[in-house]
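Enquirer: One structure, pasted below without further comment.
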Amino acid sequence: MGVAKTLYKEGHNITAMDKGKSRVQLVQSYSNQALLADATDMVVLRQIDIENFDAAVVSTGIDQHASILITLHLKELKCREIIVKAEDSDHGRILLAVGADRVVFPEEEMAKKLAHSLSRPNLLDFIPLGEDITVAEIAPPTHFHGKTIASLKLRQKYHVELIAIKDVLDGSFKFIPSPETFFKDTDIMVCIGKLEDIERIQE
C-alpha cells in the first residue's frame, strides 16, 4: 500500500487490486481504481488492459505461489515492467525466471539498513549505489559551523562530494550548494563517496 500511496500523491494513475475486501477499502483513498478481484485470474488481468500500464507491482505477502502465477500472467500479457516482492533468494530467482523485470526484498533491505544504522550512528540515512559508492546524510561536526564549503576542502581532505545541504529547521534544500555557503548548526550534509570516507567527516 505504501507504494500506491506515494505514487498516487505524486500524481500517477493507480489501479489497485486485492481479493480481500478490507484491503481494497483501505487503498481506495490512494488509487484511481480499487478492484475487489483475484489477480491470479488471467481473465481479470486481461479485462483491465494490463498491457497499457507503465508498470505492475506485485506484493502478495507470504503467498509465493500467487506472486509467481501473477508474474507469469503479467509477462504473457506483455506488461511493460513487472516489479515483484520476494520472500527469499530462491523465490526471487523463480520470479525472474518466469518474467519479473525487478525483484525486491523489503525485509532484507530494511534489516541491512537497521544494522548499518546501529553500527554507524553518525549516519542519518544512506543509499548504497554499488559496492563502494554511497549517498549518505550526515550532520556536520561542530567545527564545520560558520565555515564555508570551500574552506573545508571536503574533496581533498575526505574524498567525498557534497551534493546538497538540507536545513532541518526550515526544510530548505540546496542542491549543489555554492562553495561560499556557510554551514549552520541546523544543516544536514548530503554526500556521495565511499562510506568510510563519509564517516571520517565526523572524526
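Enquirer: Here is a check on your reading of the model: is residue 54 closer than 23 Å to residue 7 by Cβ and surrounded by fewer than 16 Cβ atoms within 10 Å (Cβ to Cβ)?
Expert: Spelling it out, residue 54 is indeed closer than 23 Å to residue 7 by Cβ and surrounded by fewer than 16 Cβ atoms within 10 Å (Cβ to Cβ).
Enquirer: So residue 184 passes all but one of these: (1) in contact with a strand residue (DSSP E or B) (Cβ under 6 Å, 6 or more places away or on another chain); (2) modelled with pLDDT of 90 or more. Which condition number does it fail?
Expert: Here residue 184 meets the rest and fails (1).
Enquirer: Further question: Taking segment 38-50 as the region of interest, how many residues are within 30 Å of residue 89 (Cβ to Cβ) and surrounded by fewer than 16 Cβ atoms within 10 Å (Cβ to Cβ)?
Expert: The qualifying residues number 2.
Enquirer: Moving on to the next point. Name the single residue that is farthest from residue 194 (Cα to Cα) among those in segment 125-163 being of a type in the set (Gly, Ala, Ser) and either in contact with a helix residue (DSSP H, G or I) (Cβ under 6 Å, 6 or more places away or on another chain) or modelled with pLDDT of 90 or more (or both).
Expert: 146
Enquirer: Let me ask something else. Just the residues that are within 16 Å of residue 191 (Cβ to Cβ) and out of contact with any Ser or Thr (no Cβ under 7 Å at 6 or more places or on another chain), please, taken from segment 148-160.
Expert: Correct list: 150, 152, 153, 154, 155, 156, 157, 158, 159, 160.
Enquirer: Also, quick follow-up: Inside segment 1-86, counting only helices (runs of 4 or more DSSP H) that do not spill past its ends, which hold 3 or more residues that are touching a residue at least 24 places away in the same chain (Cβ under 8 Å) and more than 21 Å from residue 107 (Cα to Cα)?
Expert: 42-47, 64-76
The values are calculated or read from the model by the stated rules, or taken from the named source; none is laboratory data. Values in this document were obtained by computation on a predicted structure and should not be read as measured data. As a convention, Cβ positions derive from the backbone with ideal geometry for all residues, glycine included, and neighbour counts pool all protein chains shown.
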